[in-house]
Amino acid sequence: MMTLLLLLILGAASPAKIIAQESNFVISTRAGSSLLIQSQLKPIVINRLHSWELLLLSADGHPLTDAEINLVGGMPEHDHGLPTQPQVTAQSDPGHYLVEGIRFHMPGKWKILFSIESGAGPDSATLEFSL
């Protein structure tokens, strides 16, 4: 089961070493749905391309299928975006989505914005954490 984390704040390490101890996140969307995020890279390290598995659940806990999910992110304190353009590349089981092409290139505070369009309507969520 994924650990409930809205904000992860961990001490910084050198750029080539382990950065985040946690690689699972659960966030609520503006409309009350849940987005469970599981990194395939455990733990998350800097400068390594990896993927995230997403599970999108409605407010009543049912998988939301055929959703269009886009994400953008960056480091607000440094005024720059992600060094890659992650994309949802597949939907496997109902509500399960694969995001490929994620890479973090430096330690610090990161913010990822998810825009979601599903049969339930438009929605969004924000993940903030530190590496």
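Taken together, the residues in the range 70-80 that are open to solvent by 40 Å² or more (accessible area, probe 1.4 Å) and assigned to a strand (DSSP E or B) amount to 3. Taking L56, is it surrounded by 15 or more Cβ atoms within 10 Å (Cβ to Cβ) and not small (G, A, S)? When the stated conditions are applied, L56 passes them. Look at (1) without any contact (Cβ under 8 Å) to a residue 12 or more places away in the chain; (2) under 10 Å from the mean Cα position of the chain (by Cα) and you find that E128 fails only one, number (1).
Note down all Cβ pairs under 7 Å where the first residue falls in the range 48-67 and is without any contact (Cβ under 8 Å) to a residue 60 or more places away in the chain, the second is among the acidic types (D, E), and they're at least six residues apart or on different chains. The qualifying pairs are S51/E100; A67/E117. What about I69, is it within 12 Å of the chain's Cα centre (by Cα) and among the β-branched types (V, I, T)? Yes, satisfied. Look at (1) at pLDDT below 95; (2) within 20 Å of R30 (Cβ to Cβ) and you find that P122 fails only one, number (1).
Can you find a residue that is open to solvent by 70 Å² or more (accessible area, probe 1.4 Å) and assigned to a loop (DSSP other than H, G, I, E, B) anywhere in the range 105-126? Taking every residue of the range 105-126 in turn, at least one turns out to be open to solvent by 70 Å² or more (accessible area, probe 1.4 Å) and assigned to a loop (DSSP other than H, G, I, E, B).
Could you please let me know if G119 is farther than 13 Å from L35 by Cα and touching a residue at least 24 places away in the same chain (Cβ under 8 Å)? So G119 passes the test.
The rows are residues; the columns are (1) in contact with a Pro (Cβ under 9 Å, 6 or more places away or on another chain); (2) at pLDDT 95 or above.
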| position | (1), (2) |
| --- | --- |
| L4 | no, no |
| I18 | yes, no |
| L54 | no, yes |
| A59 | no, no |
| P63 | yes, yes |
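The values are calculated or read from the model by the stated rules, or taken from the named source; none is laboratory data. Since the model is a prediction, treat every value here as computed from it, not as a measurement. A quick note on method: Cβ atoms are made from the backbone with ideal geometry, for glycine too, and the neighbour counts reach across all protein chains shown. Protein only, heavy atoms only, side chains kept; ligands, DNA and RNA dropped before computing areas. Shrake-Rupley method; radii C 1.70, N 1.55, O 1.52, S 1.80 Å.
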